[in-house]
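Engineer: The following block contains the structure, expressed as structure tokens.
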Amino acid sequence: MKKILFCVTVLLTASFTTVSAENEAPAAEVVKKVSLVQKQPKSGRIIKNVPNTQGFTCYTLSNGITVLFHHDNQCTNEVTMYALSNGGTSLYTDILPANLKAVNECLSISGLGNYSETELQHALAGHSVSVIPYIGLYGEFISSSTTPKELETMFQLNHLYFTSLRTDMEAFNSWREQKRKELATKKNSSPSSLTSKELDVINYDLVMQVVAQRFSNAGDFTFVITGNINESVLIPLLEQYIASLPTNGKHEHANLHAFDSTSRTS
């Protein structure tokens, strides 16, 4: 299942953009370092290190998270990180489908920590970092990429998705009105689009509860990192921002029979 989720991750990242601030500043502009985490988390540690496992170094962190790292000499100016977990919306067969259809758009407009989504985009303007969370039917993931110089910003954003998701009712209401306008002008008519009736019944607080649950246990995620970076640079960031994430020791499985359920509310 993990391998399937990894493939789905690669296929879907082109379709969703949440925090992405690449190439927004003039080339001559000096981009200032940004710190998105108001209070540095208490670092964890690496308790096990198994090198050369099918081309990856496998780290086990003190909070139970597994990290796979591939040192790629050919990838000179990009580092990618995927965080993958089983579960997804398949675990919520008793929730209105309209709420589940809205989870990713509500996630994308709600901001992180002390930042609204608009403030976050402004803070990251000119920074070459992209962090994209997504909740699918059978799993959830965060797809990230950056340059070696901006690794810490990427790690901070990932940390915030697990610890500091925020709700923004004003942003939700604006988003819903925009969706209604699109429906009225028939600009958004794909089969997966929310209908006018569905927009009326979305419970934003409930949607964000689902989102928070999907990222509440980082121990259920596997992190896969690839890039031309040294372990001396990577390990302190893993210990600061990943080994400090909340975990509960539980591992979920997707509900592969979600489509067969007759208990889903209509």
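Engineer: Quick check on the stretch 211-223. Is at least one of its residues part of a loop (DSSP other than H, G, I, E, B) and more than 17 Å from the chain's Cα centre (by Cα)?
Structural biologist: no
Engineer: Can you tell me which residue among 195, 153 is β-branched (Val, Ile, Thr) and farther than 21 Å from residue 106 by Cβ?
Structural biologist: Every option except 153 fails the conditions.
Engineer: Sticking with this structure for a sec: Of the conditions (1) exposed (fewer than 11 other Cβ atoms within 10 Å of the Cβ); (2) part of a strand (DSSP E or B), residue 60 clears all except one; give me its number.
Structural biologist: The number of the failed condition is (1).
Engineer: Tell me whether the stretch 193-214 contains one or more residues that are crowded, with 17+ Cβ neighbours inside 10 Å, of a type in the set (Val, Ile, Thr), modelled with pLDDT of 95 or more and farther than 25 Å from residue 167 by Cα.
Structural biologist: no
Engineer: Are any residues in the stretch 130-152 farther than 13 Å from residue 83 by Cα and surrounded by fewer than 24 Cβ atoms within 10 Å (Cβ to Cβ), and if so, which ones?
Structural biologist: 130, 136, 137, 138, 147, 148, 149, 150, 151, 152
Engineer: Return yes when residue 89 is touching a helix residue (DSSP H, G or I) at 6+ places or on another chain (Cβ under 6 Å) and either in contact (Cβ under 8 Å) with a residue 60 or more places away in the chain or part of a strand (DSSP E or B) (or both) and no when it is not.
Structural biologist: Here the answer is yes, as residue 89 does meet what is asked.
Engineer: Still on this model: Looking at (1) closer than 30 Å to residue 76 by Cβ; (2) out of contact with any Pro (no Cβ under 6 Å at 6 or more places or on another chain); (3) touching a residue at least 60 places away in the same chain (Cβ under 8 Å), can you tell me which one residue 150 breaks?
Structural biologist: All conditions are met except number (3).
The values are calculated or read from the model by the stated rules, or taken from the named source; none is laboratory data. Predicted, not measured: the structure shown is a model, and the values here were computed from it. For neighbour counting, all protein chains shown are included, and Cβ atoms are generated from backbone atoms with ideal geometry for every residue, glycine included.
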